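A.B. asks: Encoded as structure tokens, here's the structure I'll be asking about.
None of the figures in this text is laboratory data; all of them are computed from the coordinates on show. Note that the structure is a prediction, hence the values are computed from the model and not measured. Using ideal geometry, Cβ is built from the backbone for each residue, glycine included, and neighbour counts are taken over all protein chains shown.
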Amino acid sequence: MGRSVEPRAGEHVHGADGHGACLNCGAALIGEFCHECGQNGHVHKTLASIGHDLLHGVFHFEGKIWRTLPMLVIRPGELTRRYIAGERAKFVSPLALYLFAVFLMFAVIHSVAGEFDGEGLTSTNRAAAVEKLDTQIGNAKSALAKAQAAQTSAKTAAKRADAADDVKALTMTISGLETAREGLKSDADEKAVTIADIKTGWAPLDHGIAKANANPGLAIYKLQMSAYKYSWVLIPISAPLVALLFLWRRRYHLYDHTIFVIYSLDFMTLLVTVLTLLGAIGVGSGVISITAMLVPPVHIYKQLRGAYQLRRFSAFWRMCVLVILAFVALTLFVMLLLGLGLMG
């Protein structure tokens, strides 16, 4: 299609042998790429090149992603060690991958979970939900009375058995609806006491809590935006914690630990995205929970052992400590988000 519009688009005007001048800086070409500015000597001018430029501009990954992702999943320690050692052109930058992974994670979560508007927390909507449950309970009781009458008047054993099954099913349905109704009312009463009456004595925080109670949907939205904008803060929070595990190893520096942390966050962020998608397509919560509990420690162990060339026991005890430190870092991050969200 492009050729029909531009019959001679995309040809290298200086020939295919790498001679001529660079179209960007004017330096003489002595190869496929300009040795001065790095621009490709072959400038594409086709419609397909626009799609290529789009993918390259958005992802900046190209073929690197197919080398980086498998190693990030299977051999994260080797990937970290090789990147620190200087093999940069082969792999996606850990920070570039992190920014993309965070964007993808929040996009997937927003698409799957939808936008929280806080309506479920208002007393008006709770009252409407209770009223709806009352209607369902009333309909179920009417159907139960008819089923019991049919069971009494049944003339054959088969009809009595069918009616008995209906009675049993309707009885269980009524019990479940009544349990849901009581839980909804008790939850509303509990929230009215434990959330609306919180007072910390710190005026800015109390003002933020009051605003969150008045408009919970806006508060949740602000927390989501803060989590997206300040996700990079996890890096400076986590890197010093990892450095504590290697204080007596002078060969490793804070830069090494930072690269380790970023690649680890890359994997964890992509794992959250995958688990969210699995939940959206109907994978059981038990499988997702087990995966979320087992995969991160195993990945941390493999990355520690490969990146720092540790023995099994040395990597294992560091993995156990690092899991705890990860919860500490996550707690600090959540506290920061709450402070920004409530007082912002």
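A.B. asks: To make sure I understand, if each residue's beta carbon is the centre and we count other beta carbons within 10 Å, what order do 74, 65 fall in, fewest to most? Each step should come with its number before you reach the end.
C.D. replies: Working: 74 11, 65 16.
Fewest-to-most ranking of 74, 65: 74, 65.
A.B. asks: How high is the FRET efficiency between residue 323 and residue 33 when r is their beta carbon distance and R₀ equals 30 Å, given to the nearest 0.05? Don't jump to the answer; show the numbers that get you there.
C.D. replies: Numbers: r = 45 Å, r/R0 = 1.50.
The value I calculate is 0.10.
A.B. asks: Using a Förster radius of 41 Å, what is the FRET efficiency between residue 40 and residue 285 based on their Cβ-Cβ separation? Nearest 0.05, please.
C.D. replies: Details: r = 49 Å, r/R0 = 1.20.
Plugging the Cβ-Cβ distance into 1/(1 + (r/R0)^6) gives 0.25.
A.B. asks: Pull out the extension gain between residue 336 and residue 244, defined as 0.36 nm times the separation in residues minus the alpha carbon to alpha carbon distance; nm, one decimal. Walk me through the numbers before you get to the answer.
C.D. replies: On the way: separation 92, 0.36 × 92 = 33.12 nm, distance 2.21 nm.
Gain on stretching residue 336 to residue 244: 30.9 nm.
A.B. asks: Could you list the residues of segment 305-332 with an amide nitrogen less than 16 Å from a label point located 7 Å from the Cα of residue 75 in the Cα-to-C-beta direction?
C.D. replies: 305-310
A.B. asks: Between residue 95 and residue 156, with labels modelled 7 Å along Cα→Cβ, what's the label distance in nm to one decimal, could you check?
C.D. replies: Taking the simple label geometry, residue 95 and residue 156 are separated by 7.9 nm.
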